[in-house]
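In what follows, a structure is listed as structure tokens, so that the remarks can point back to it.
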Amino acid sequence: MKTRDIVLVALFAALCVVLSLVPPVPVPLIPVPVTLQTLGIMLAGLMLGPWRGLLAVTLYVLLAVVGLPVLPGGRGGMGVLMGPTGGFLLGMLPGALVTGWLAQRLPASGAAWRALGGQAVASLLGGVVVVYALGAPWLALVTGMDLSKAIAAVLVFIPGDIVKCVLAALAAVRVRRFWSADAAHGI
């Protein structure tokens, strides 16, 4: 791995931490708050690709698991994995990987609307569907909630997650133009 890759992985892990520092917004009747964590996961996958994005999110999750207060609300430690949000946290690992994988296969350049749409779909499928596929069953298991109720409960997050998908896609498409220009000039 090149020095640039290591720096980018660390930078995006730090970005995930910064986005997690935004105070979580509690949701009535659900022990899972609204956070900006998934925005960081989407950005890591879109901008770093599947493997570097996965490494960045893995570093972020490891920082949390060893006890650093890098999760929303200043939480950290192994106990977080055993709580209602543990499945969502673990789901972020394959979420970043899938987002990055899809981002490389869906339109990322060309017509602005195609690039934006392709990257938004990658964010939605990886950063939302995959994360929820692990998070909702975990929520049901930990809380004793019926799985269908847990799935219905997390649907409240979808409108905000769609906004995050669009923001991540906008940022990735815009930044990619600068990265491409920098690469062409040897920077």
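The values are calculated or read from the model by the stated rules, or taken from the named source; none is laboratory data. All values derive from a computational prediction rather than experimental measurement. Don't worry about glycine lacking a Cβ; one is built from the backbone with ideal geometry, like all the others, and counts go over all protein chains shown. SASA here: full protein model, heavy atoms, side chains in, ligands and nucleic acids out. Shrake-Rupley method; radii C 1.70, N 1.55, O 1.52, S 1.80 Å.
Note down the accessible area of Asp146, probe 1.4 Å, to the nearest 10 Å².
90
Can you tell me the mean projection area, over all orientations, of the convex hull of the chain's alpha carbons? Units nm², please.
10.4
Kindly state, to the nearest 0.05, the FRET efficiency for Trp179 paired with Val27, given R0 = 30 Å and r defined as their beta-carbon distance.
Numbers: r = 36 Å, r/R0 = 1.20.
Once the sixth-power term is evaluated, E becomes 0.25.
Once label points are set 7 Å from the Cα along Cα→Cβ at both Thr3 and Leu62, what is their separation, rounded to one decimal in nm?
Distance between label points: 2.1 nm.
How much accessible surface does Phe178 have with a 1.4 Å probe, in Å² rounded to 10?
120
How much mean residue ellipticity at 222 nm does the chain get from its helices, if each DSSP H run of length 4 or more adds -39500 (n - 2.57) and you divide by all residues, to the nearest 500 deg cm²/dmol?
-23500 deg cm²/dmol
Compute the distance from the alpha-carbon center of the range 113-162 to that of the range 60-92, in whole Å.
The range 113-162 and the range 60-92 have Cα centres separated by 18 Å.
Please list Leu15, Leu89 from largest to smallest accessible area, probe radius 1.4 Å, with all protein chains kept in place.
Ranking Leu15, Leu89 by accessible area, largest first, yields Leu15, Leu89.
How do Lys164, Lys149 rank by accessible surface area computed with a 1.4 Å probe, from largest to smallest?
The most accessible residue leads, giving Lys149, Lys164.
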